[in-house]
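First comes the structure, then the notes that go with it.
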Amino acid sequence: MSFSPEILWNGLGWPLVRLVMFISIGLLVGNILEGLRWTRAMGKVATPLIRMGRLKDISGASFALAFFSGVAANSMLSEAYDKGEISDKELVVSNLFNSLPTYFLHMPTVFFIAAPFIGRVAFIYVGLTLLAAFLRTGLIILWGRMSLSPEGCCGSISAKLKSQEPRDLVAVASTALKRLRKRLPRVIFITVPIYTAFFFLRHYGVLASFQTFLSEHLSFLSWLNPEIFGIVVFSLAAEFTAGLAAAGSLLGAGTLGPRDIVLALMIGNILSTPMRALRHQLPYYAGIFKGRMALKLIIYNQALRASSLFVVGAVYFYVTS
């Protein structure tokens, strides 16, 4: 099948130009929001949660610091643990509790990367992952409430928050531009080839053949639209951006609807848990915590994260069926 210049431009060229433009804007806005420490206000309502979870002062301070730097927050916990100020269980609960501020810290960037690819569907996907984060936090608070001693419970973390004043807007914008120049080429390197590949695979009927193959050989997954596996495969083989590129191509072509896109991204997110643990968490966890404890924290973090995403994803699947 041959393609005229008009078909290539309307079906591939212009969508890619528009996509890269919105990705650039999204990354810049996300980086500025992170630089302005938009999560500072969230820390003001954290004290009641810390009290409910019976966390100590050092754990509360780490929670507040996690709104600005996950590495710094974990380093604080590691130092307290090495000094014997918190027990094994308190370290695990505190580390898991920090997943909520860490999520809020990076949520703007995640959303502004997803939105150019999948449009309004990004609100649903990010909303579900946010719901999963709140679910994890609720379970962690309940665990701390049931297993930790009320003695030494954290009072207030306002002093820690005062030391994290918002930065100058000019400095924030300058840092955001530097981060954009560093990250954008990598995003484009992933996005353009995948989006282009899906354009040609769709027009040459490869995706249709793949769908037929899956429907014939994966009957135990018949409850899923077979075409979502292309998104899942890219999410597993590469990174989140690759799955979004595949999702954006299929959504733009009308091959998949918003519900299927959300389910595909959720499944890819869950199945990529082992790879995420090895690629992202292990390098810096091993540098902060001792070997066995680092591995234990990674397993707890990723298991809880995957479980919460599974529960939220399953509810979304049945509610939208």
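Coordinate-derived values only; no laboratory data. Note that the structure is predicted; figures quoted are calculated from it, not measured. No Cβ is skipped: glycine too gets one built from the backbone with ideal geometry, and neighbour counts run over all protein chains shown.
If packing is taken as the average count of other Cβ atoms within 10 Å, what order do 171-182, 301-312 fall into, highest mean first?
Numbers: 171-182: 14.2, 301-312: 18.3.
Order by mean packing, descending: 301-312, 171-182.
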* Asked: If Lys and Arg each add +1 and Asp and Glu each add -1, what is the summed charge of the other residues whose beta carbon sits under 13 Å from the beta carbon of SER94?
  -> -2
* Structure fact -> For the stretch 66-77, Karplus-derived ³J(HN,Hα) couplings (6.51, -1.76, 1.60; θ = phi - 60°; whole Hz; x for glycine and proline) come out as 5, 5, 10, 7, x, 5, 5, 5, 5, 5, 5, 5
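Within 13 Å, Cβ to Cβ, of VAL311, how many net charges do the neighbouring residues add up to if Lys/Arg are +1 and Asp/Glu are -1? Could the numbers behind the result be given before it?
Values: positive: ARG136, ARG305; negative: none.
Surrounding charge for VAL311 is +2.
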* To do: Quick one: which residues, 5 or more positions from LYS56 or on another chain, have an amide H under 5 Å from its amide H? H modelled 1.01 Å from N in the peptide plane, none for Pro or chain starts.
  => CYS154
